[in-house]
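Have a look at the structure below before the remarks.
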Amino acid sequence: MSQIIGFVGVGRMGANMARRLKDQGHPIAAVYDRATALSAELAIELGATHATTLAQVTAAADIVITVVTDDEAQLAIFAEEGDSLLTAAAGTTFVNCATITPATHVEVQRRAQAVGAASLEACMASSIPQARQGTLYLMCAGEESVFNTLRAVLEDLSANLRYIGPAGSAAQVKALVNMVMNINTAALAEGLGLGQALGLDLDMLREVFSQTGANSQVLKTDGEDMQKRDHECYFSADHAAKDSTIAWVLGCKSGMGMPLAAATKLQYDRMRAIGLGHLDKSGVAELTFKGRS
């Protein structure tokens, strides 16, 4: 029998994950978001309950998938008092997909286990189209037995599914993935910006990049957008700033110098400071092309 699923956090990633699971035959019982109009609309679409409290989601579901913004939001939905997913949560399994600090994933697992629930981190290295298509890259951590129990659900969300290790370890890997991606993005923006300043044809330059050691996945996804100033948001500069900070702090705590991570973090911090945090990460080009921001 299919396990009943609830969702907390139904922005573009969470909502599309819920749609994908519904399409695959998984019953979606309840959805919750602080943006109540958003969750109410999705509930109607999915034939689910529009939960107005976190406790309602836990009461309705065997598995609760959470997709929230940051550490503060993650700890708030797993609060140890007041309205919380932990209310009467014995036997519930939580799947936490946010990009947050490893320590917060460890703490959420501790809180869940204290009330007889289970917790798995499922960090996503993909974007909105992959969420809808069920082709996410999922890196999971926690107790391996919990991962194995959830495998059927996770496989319906992902094209690449990987168990990393104990709680916190998938978040460490995800931080490194996003650190390198953000560095690549900032470097590409500088390269294209300098190319423009030198009067080079940017279509030609991107083609040369693609055929040489300058090639990267970021060139494929962001290069043309940087050139054409098309920064429709798939992964925001706000999130890039947050994730670069997570990786930079991990490096500092490990006693490492992180000059490239630090420089990239400052670029995305600057985007936020001047009101561009809502743009896609490709919007970092607005800082590097002459005559823009």
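The values are calculated or read from the model by the stated rules, or taken from the named source; none is laboratory data. Given the structure is predicted, the values throughout are model-derived calculations rather than measurements. Note that each Cβ is placed from the backbone with ideal geometry, even for glycine, and that neighbours are counted across all protein chains shown.
If you check 263, 214, which single one turns out to be of a type in the set (A, V, I, L, M), out of contact with any Cys (no Cβ under 9 Å at 6 or more places or on another chain), surrounded by 13 or more Cβ atoms within 10 Å (Cβ to Cβ) and part of a helix (DSSP H, G or I)?
Values: 214 fails: part of a helix (DSSP H, G or I).
Checking each option against the conditions leaves just 263.
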- Task: Considering only the range 177-199, state which residues are farther than 22 Å from residue 279 by Cα and part of a helix (DSSP H, G or I).
- Result: 195, 197
- Query: Taking the range 265-293 only, how many residues are out of contact with any Asp or Glu (no Cβ under 7 Å at 6 or more places or on another chain), under 24 Å from residue 200 (Cβ atoms) and of a type in the set (Val, Ile, Thr)?
  - Reply: 1
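Taking the condition surrounded by 19 or more Cβ atoms within 10 Å (Cβ to Cβ) and either of a type in the set (S, T, N, Q) or touching a His at 6+ places or on another chain (Cβ under 7 Å) (or both), does residue 67 pass?
On the way: surrounded by 19 or more Cβ atoms within 10 Å (Cβ to Cβ): yes; either of a type in the set (S, T, N, Q) or touching a His at 6+ places or on another chain (Cβ under 7 Å) (or both): no.
Judged against the criteria, residue 67 is not a match.
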- Task: Determine the pairs where a residue that is within 15 Å of residue 238 (Cα to Cα) and in the same structural domain as residue 230 (by TED's automatic domain parsing), located within the range 254-278, has a partner that is aromatic (Phe, Trp, Tyr) and buried (at least 20 other Cβ atoms within 10 Å of the Cβ) with Cβ atoms under 7 Å apart, the partner being 6 or more residues away or on another chain.
- Result: 265/248
- Spot the failing condition for residue 153; the list is (1) outside any helix (DSSP H, G or I); (2) surrounded by 19 or more Cβ atoms within 10 Å (Cβ to Cβ), and only one is missed. (1)
- Filter the range 144-161 down to residues that are polar (S, T, N, Q) and either assigned by TED's automatic domain parsing to the domain that holds residue 259 or more than 17 Å from the chain's Cα centre (by Cα) (or both), then give me how many there are. 3
- Note on the structure: With the first residue restricted to the range 176-197 and required to be in the same structural domain as residue 252 (by TED's automatic domain parsing), and the second required to be hydroxyl-bearing (Ser, Thr, Tyr) and part of a helix (DSSP H, G or I), Cβ contacts under 7 Å at 6 or more apart or on different chains are 179/244; 182/244; 182/264; 182/268; 183/264; 185/282; 186/264
- Note on the structure: Exception for residue 232 within (1) assigned to a loop (DSSP other than H, G, I, E, B); (2) surrounded by 15 or more Cβ atoms within 10 Å (Cβ to Cβ); (3) not aromatic (Phe, Trp, Tyr) falls at (2)
- Note on the structure: Flagged pairs (Cβ under 7 angstrom, 6 or more apart or on separate chains; first in the range 3-20, charged (D, E, K, R); second assigned to a helix (DSSP H, G or I)) are 12/128; 19/132; 20/131; 20/132
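One line per residue, one yes/no per condition, for (1) touching a helix residue (DSSP H, G or I) at 6+ places or on another chain (Cβ under 6 Å); (2) assigned to a helix (DSSP H, G or I):
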{"position": "239", "(1), (2)": "no, yes"}
{"position": "246", "(1), (2)": "yes, yes"}
{"position": "268", "(1), (2)": "yes, yes"}
{"position": "272", "(1), (2)": "yes, yes"}
{"position": "275", "(1), (2)": "no, no"}
{"position": "278", "(1), (2)": "no, no"}
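Out of 212, 245, 221, report the one residue that is among the polar types (S, T, N, Q), within 23 Å of the chain's Cα centre (by Cα), over 22 Å from residue 70 (Cα atoms) and not assigned by TED's automatic domain parsing to the domain that holds residue 126.
Values: 212 fails: within 23 Å of the chain's Cα centre (by Cα); 245 fails: over 22 Å from residue 70 (Cα atoms).
Criteria check complete, one pass: 221.
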- Message: Here are the criteria: (1) surrounded by fewer than 17 Cβ atoms within 10 Å (Cβ to Cβ); (2) outside the structural domain of residue 245 (by TED's automatic domain parsing). Tell me which single one residue 119 does not satisfy.
- Response: (1)
- Message: Please verify whether residue 113 is of a type outside the set (A, V, I, L, M) and either part of a strand (DSSP E or B) or under 20 Å from the mean Cα position of the chain (by Cα) (or both), treating the condition exactly as stated.
- Response: no
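Table: residues versus (1) β-branched (Val, Ile, Thr); (2) more than 14 Å from the chain's Cα centre (by Cα); (3) buried (at least 22 other Cβ atoms within 10 Å of the Cβ).
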| site | (1), (2), (3) |
| --- | --- |
| 163 | no, yes, no |
| 172 | no, no, no |
| 192 | no, yes, yes |
| 204 | no, yes, no |
- Would you mind stating whether residue 69 is more than 10 Å from residue 8 (Cα to Cα) and either without any contact (Cβ under 8 Å) to a residue 24 or more places away in the chain or not hydroxyl-bearing (Ser, Thr, Tyr) (or both)? no
